[in-house]
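One structure is given here, and the rest of the page talks about it.
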Amino acid sequence: MKKITVLAGGVGGARFVRGLLHELTATGHDADVTVVVNTGDDVWLDGLRVCPDLDTVMYTLGGGIHEDQGWGRTGESRRTSAEIAAYGRGWPWFTLGDLDLATHIVRTDLLRSGSTLSEATAFLCRRWQPGARLLPMSDQPVETHVRLVADVDEHAAGDLIHFEEWWVRYRAHVEVSEFVQVGLASATAAPGVVDSILEADLVVLPPSNPVVSLGTILAVPGVREALQTTAAPVVGVSPIIGGQAVRGMAGHCLQTIGVATSAAGVGLHYGSRASGGVLDAWLVDETDAASLPALTAAGIRAAAVPLWMHDVPTTASIAAEVLAISLR
């Protein structure tokens, strides 16, 4: 049985894995898929542990995602969040749906009862049956924060605020100087994470945010080293098409760390494994074909193919291209 490990953030990673599973089923491939998910977006909210990326992957693969949003539950309501706001509590810029709250309540109950995040995730997945093994990148909290350049609202210049506040409340339009993974120094990779990379036949970096999703996973001790030493080919899919982020505000993140918002810029940022990076191959969109020579010169095998994930079939076609280039 072929073992495939995917390192994923939220919407883009979730949709890619769904397409990958579709492609594997359609072509009769016998494969075991593990998804290592970013937990740097995790946050305590109203006394509950919220894991945005884990939940987005779980709901997407399990058939419960709100397709238009790409996150949250379908058929959602907001009565509980409205009641919390009536008490003067909660975060008005980050409201949780009633159905989604059930997931956070169960997870928090499990964590407070002594379960690890890995164990809580496995418990939640028994309901959703995602068709892949979902692993948090770490069982210890590693939360991504940003450092403010100037005063904003109740925050002063130099303060660290949670990434979710910068992303959701301020839509990434408030200037920041750096990303800080709070808790990283004492964190370890969750059980199974490093082994899933070392024992894989293929490792995929899907079109997730290269700074705060995949970048955070790569920062967890042992993960980057595993990618550099695994016998499996490591293939990435560009989250940038035609100089624009496919989704969200990844361009703001790349600008902050001094990386060009381009398919080549992100590929070169990850780097070739032969030169101490993490990539063997990199897929760019056909509109970015001009970037292939620079990638090839850097030691990264590259190809230009359609990368828009319009629906499950088109995403499955991208997964097929990943499988194909991994064999070259």
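Just so you know, all these numbers are worked out from the coordinates, no wet-lab data involved. Keep in mind that this is a model prediction, so the values were computed, not measured. For neighbour counting, all protein chains shown are included, and Cβ atoms are generated from backbone atoms with ideal geometry for every residue, glycine included.
Please state the shape class of the range 74-114: rounded when a/c is under 1.5, otherwise prolate if a/b exceeds b/c and oblate if not, all from the C-alpha gyration tensor. Walk me through the numbers before you get to the answer.
On the way: a/c = 2.71, a/b = 1.48, b/c = 1.83.
Oblate, since a/c reaches 1.5 and b/c is not below a/b.
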Requested in this report: With a 10 Å radius around each residue's Cβ, average the other Cβ atoms per peptide and rank 17-26, 197-206, 101-110, highest first.
Outcome: 197-206, 17-26, 101-110
Query raised in the report: How many nm is it between the label spots at Arg89 and Ile105, if each spot is 7 Å from the Cα in line with the beta carbon?
Result: 1.4
Requested in this report: Return the whole-Å distance between the Cα centroid of the range 311-326 and the Cα centroid of the range 125-165.
Outcome: 29
Requested in this report: Indicate the gyration tensor shape class of the range 143-182 (rounded, prolate or oblate), computed on the Cα atoms with a ≥ b ≥ c the square roots of the eigenvalues: a/c under 1.5 is rounded; otherwise a/b larger than b/c is prolate and the rest oblate.
Outcome: oblate
Query raised in the report: Taking every DSSP beta bridge that has both residues in the chain, what percent is antiparallel when rounded to the nearest 5?
Result: 40
Query raised in the report: Using the alpha-carbon atoms, what tilt in degrees (0 to 90, nearest 10) does helix 312-326 show relative to the longest principal axis of the chain?
Result: 50
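Sum up the charges of everything whose Cβ sits under 14 Å from the Cβ of Gln228, counting Lys and Arg as +1 and Asp and Glu as -1, but leave Gln228 out. Don't jump to the answer; show the numbers that get you there.
On the way: positive: Arg224, Arg273; negative: Glu225, Asp280.
Overall, the nearby charge balance is 0.
Provide Rg over Rh for the chain; use the alpha carbon set for both Rg and the Kirkwood Rh (inverse mean inverse pair distance). Walk me through the numbers on the way to the answer.
Working: Rg = 19.1 Å, Rh = 20.0 Å.
The Rg/Rh ratio comes out at 0.95.
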Query raised in the report: What number, rounded to the nearest 500 deg cm²/dmol, is the helix-based mean residue ellipticity at 222 nm of the chain, given -39500 (n - 2.57) per DSSP H run of at least four residues and division by all its residues?
Result: -10500 deg cm²/dmol
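Mind ranking 47-58, 209-220 by how tightly packed they are, going by the mean number of other C-beta atoms within 10 angstrom, highest first?
On the way: 47-58: 23.2, 209-220: 25.0.
Going by the mean number of other Cβ atoms within 10 Å, highest first, we get 209-220, 47-58.
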Query raised in the report: How many percent of Cα pairs in the range 195-328 exceed 25 Å?
Result: 18
Query raised in the report: R0 = 22 Å: FRET efficiency of His155 with Glu178, Cβ-based, nearest 0.05?
Result: 0.90
